[in-house]
Ligand code: SAH
């Protein structure tokens with residue numbers, strides 16, 4: 001999977017994504033992350049990328065011109081040979097990201113081009129021209145799309161072959177069936193601040209352990225459903 005992120009703050013995304021599992025996956029070639037600075041495509045002599053909204057109102061809006069020029073440059077076949085491309089705008093108006101959505105993106109595409117907005121957002125014509133879908137990371141508003149883009153890249157990447165080792169496999173954790181949460185887990189020491197690891201996990205009886213885990217996962221999932229109502 002290749003990710004191309006269009007942003008005014010490329011260091012923000014490449015910094016976050018260069019550490020730990022996602023950083024290791026890039027070095028191993030399991031995924032590619034390219035952060036592109038939209039400002040590099042501004043033809044304005046002051047390298048401006050925003051302007052005031054027509055009709056009045058607060059704040060500044062990102063101009064469609066440099067974003068479009070950035071998009072055409074980074075998706076040119078000579079530099080980006082991917083054919084199954086999806087263009088995503090990170091936006092609080094979009095569909096809220098879910099494990100199911102991330103799985104679909106990981107499965108169906110080889111290139112996600114992600115646009116990060118800033119200020120009051122982006123000129124609507126640019127969205128109508130190039131964006132396939134808008135994705136939100138939750139029902140709240142942030143100052144920019146960079147953190148949301150990192151969330152999306154992280155979540156999709158863990159489902160790409162070669163990103164997680166077998167020991168870190170995503171197939172049995174929370175939402176792996178798009179619904180159930182994971183059971184609680186424990187490691188050494190066996191007793192800590194008066195709290196003991198549940199006896200069943202020390203029993204060595206695999207079938208009972210499996211049953212206990214399933215029951216706990218079910219209980220946690222039901223508890224959270226109740227809270228969300
Ligand atoms: N005026 C816009 C909000 C702009 S916030 C509105 O009311 O809808 C600035 C940028 O941050 C947006 O362009 C978007 O890219 C990003 N952003 C903010 N909150 C987000 C969220 N919950 N999910 C994804 N992106 C978000």
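Here is how the numbers come out for the structure above:
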item: Search result, residues across the stretch 72-102 that are over 12 Å from residue 122 (Cβ atoms) and in contact with a helix residue (DSSP H, G or I) (Cβ under 8 Å, 6 or more places away or on another chain); result: 73, 79, 80, 84, 86, 87, 88, 95, 97, 99, 102
item: Enumeration of residues in the stretch 40-50 that are closer than 23 Å to residue 143 by Cβ and either away from the ligand (no atom under 15 Å from the Cβ) or assigned to a loop (DSSP other than H, G, I, E, B) (or both); result: 40, 41, 42, 44, 46, 47, 48, 49
item: Qualifying residue in the stretch 120-134 (condition: within 17 Å of the chain's Cα centre (by Cα), within 23 Å of residue 15 (Cβ to Cβ) and surrounded by 15 or more Cβ atoms within 10 Å (Cβ to Cβ)); result: no
item: Residue satisfying condition, being part of a loop (DSSP other than H, G, I, E, B), over 18 Å from residue 148 (Cβ atoms) and in the same structural domain as residue 8 (by TED's automatic domain parsing), within set 81, 66; result: 81
item: Residues of the stretch 25-49 satisfying the condition of being buried (at least 16 other Cβ atoms within 10 Å of the Cβ) and out of contact with any strand residue (DSSP E or B) (no Cβ under 8 Å at 6 or more places or on another chain); result: 25, 30, 39, 41, 42
item: Single condition residue 84 does not satisfy, out of (1) more than 13 Å from the ligand (Cβ to nearest atom); (2) surrounded by 15 or more Cβ atoms within 10 Å (Cβ to Cβ); result: (2)
item: Selection status of residue 199, assigned by TED's automatic domain parsing to the domain that holds residue 32 and either more than 8 Å from the ligand (Cβ to nearest atom) or crowded, with 16+ Cβ neighbours inside 10 Å (or both); result: no
item: Residues of the stretch 122-168 that turn out to be on the phi > 0 side of the Ramachandran plot and in contact with a strand residue (DSSP E or B) (Cβ under 7 Å, 6 or more places away or on another chain), as a count; result: 1
item: Selection within the stretch 107-165 - under 18 Å from residue 50 (Cα atoms), more than 8 Å from the ligand (Cβ to nearest atom) and not in a helix (DSSP H, G or I); result: 123
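The values are calculated or read from the model by the stated rules, or taken from the named source; none is laboratory data. From a predicted model like this one, the values you see are computed outputs, not experimental measurements. FYI the Cβ positions are ideal-geometry reconstructions off the backbone, even for glycines, and counts take in every protein chain you see.
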